[in-house]
Amino acid sequence: MTPACPHCRRSELEPFVSREALAEEIALRAPFYGPRIDGKLDPAEKKDRFAVSHAACAELRLCRDCGIVVRIEDDAPDFEEEPYAPYVMERMLRAHAEAYRKKAPVYRALLPEGAQVVEVGSYVGGFLQVAGEWGWKATGVDVGHDTARFTRAHAYATRDGALEDAGFDDASVDAVFIWNCFEQLEPAPLLAEARRILRDGGLLVLRVPNVLHYAACQALLPRPADLHHPIVIALGHANLLGWPHLYGYSAASLERVTRPHAFARERLVSARHINPTPGRFTLPAIREEERLEGTLGALDHAFAALAPESVAGPWLEAVYRAVT
């Protein structure tokens, strides 16, 4: 199949990052994370850090019309059969739940007590746990067999498969959250189904890696890359080395793909990577990450004042309302 933009279906995509450059970044992951881990990780614990699903030989291309970056790779990963060790999922559940609790000032007041919410890509259940703490009635949807079994074992309502196959009624939910996987999926059918099941005025929240942040880092990244270079450090802590994602969106390109499905954007939030192993970093690595947070915070402040239609952080969260 000819690679194409997921929005306009244009197949004439421009080179963005070469195979050689992307392979060099992927190769940096292990030497970057290794010295920053306190103690020894077994292979199962290295998942989503040292090893990522999109780690095959690949290049990145750009749709100039839509501003969407597409990863062109030889072997697409199988997310349905991707294995996770139960004890690793337990650790990630605690880490993710704590990260979502910190989002309460932005999101908790957006929905009333008893709101019916759906999370697409519910993963290990961190948001399902916190949504319940906030008084919402949450259902997860996930294609991963291991993760779906894990969340059901923890009494989180979870349906297997894609949102389009989950069987929700028309206009039956108050919010759809897609924290973990929007950049891995074809956007049009997912957004159409989200709009179908949302009530008018319902909430849609999308979280994606910020391709503008990655592009800025690429422009400053020396070749060959130095593990101690500030840009490598920034990409490493954001989990963006090698761009392990199928699609790359900016705030503007997200606007292009959501608008045809009757979603109106209310807010942009500059965000950080959710660390799946926060308790395993060495003290110097923690201090390094804290210094980076300060720098990104200053950039966020500048963008909020001068470029409110975009964000500076490595990840972005966009809040929409379903309109008629």
Could you list, in sequence order, the residues of segment 275-315 that are aliphatic (A, V, I, L, M) and assigned to a loop (DSSP other than H, G, I, E, B)?
Ala307, Val311, Ala312
Scanning segment 193-210 residue by residue, the ones that are aliphatic (A, V, I, L, M), in contact with a Phe, Trp or Tyr (Cβ under 6 Å, 6 or more places away or on another chain) and more than 17 Å from Val106 (Cα to Cα) total 1
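Yes/no per residue for (1) surrounded by fewer than 19 Cβ atoms within 10 Å (Cβ to Cβ); (2) small (Gly, Ala, Ser):
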position	(1), (2)
Ser250	no, yes
Leu254	no, no
Ala264	yes, yes
Arg272	yes, no
Pro276	no, no
Consider Thr282 carefully, then state whether it is over 23 Å from Pro6 (Cβ atoms), surrounded by fewer than 18 Cβ atoms within 10 Å (Cβ to Cβ) and touching a residue at least 60 places away in the same chain (Cβ under 8 Å).
yes
Hits in segment 187-241 (condition: within 22 Å of Val141 (Cβ to Cβ) and of a type in the set (Val, Ile, Thr))
Ile197, Val205, Val208
Across segment 175-220, the tally of residues that are assigned to a helix (DSSP H, G or I), closer than 26 Å to Thr295 by Cα and among the polar types (S, T, N, Q) stands at 1
Look at segment 285-302 and say how many of its residues are more than 20 Å from the chain's Cα centre (by Cα) and buried (at least 18 other Cβ atoms within 10 Å of the Cβ).
1
Does Arg259 fit the bill of being without any contact (Cβ under 8 Å) to a residue 60 or more places away in the chain, surrounded by 17 or more Cβ atoms within 10 Å (Cβ to Cβ) and within 18 Å of Ala322 (Cα to Cα)?
no
Can you run down the residue pairs with Cβ atoms below 6 Å, 6 or more apart or on separate chains, where the first is in segment 97-118 and assigned to a loop (DSSP other than H, G, I, E, B) and the partner is surrounded by fewer than 17 Cβ atoms within 10 Å (Cβ to Cβ) and modelled with pLDDT of 95 or more?
Glu113/Gly135
Being surrounded by fewer than 20 Cβ atoms within 10 Å (Cβ to Cβ) and part of a strand (DSSP E or B): is that true of Arg149 here?
no
Return a yes/no flag: does segment 227-238 have any residue that is under 22 Å from Gly126 (Cα atoms), under 18 Å from the mean Cα position of the chain (by Cα) and surrounded by 19 or more Cβ atoms within 10 Å (Cβ to Cβ).
yes
Return the only residue of Ala104, Ala138 being of a type in the set (A, V, I, L, M, F, W, C), crowded, with 18+ Cβ neighbours inside 10 Å and either within 25 Å of Pro187 (Cα to Cα) or at pLDDT 95 or above (or both).
Ala138
Here is a check on your reading of the model: is Val269 in a helix (DSSP H, G or I) and among the hydrophobic types (A, V, I, L, M, F, W, C)?
no
Evaluate the following for Val232: is it of a type in the set (A, V, I, L, M), modelled with pLDDT of 95 or more and either out of contact with any Phe, Trp or Tyr (no Cβ under 7 Å at 6 or more places or on another chain) or not in a strand (DSSP E or B) (or both)?
no
Check Asp38, Asp74, Asp78 and return the single one that is modelled with pLDDT under 95 and touching a Lys or Arg at 6+ places or on another chain (Cβ under 8 Å).
Asp38
Return the residues of segment 252-281 that are hydroxyl-bearing (Ser, Thr, Tyr) and over 23 Å from Ala312 (Cβ atoms); say none if nothing qualifies.
Thr277
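The values are calculated or read from the model by the stated rules, or taken from the named source; none is laboratory data. Predicted model, so just to flag it, every value in this text is computed and none were measured. Every residue, glycine as well, gets a Cβ built from its backbone with ideal geometry; the counts of neighbours run over all protein chains shown.
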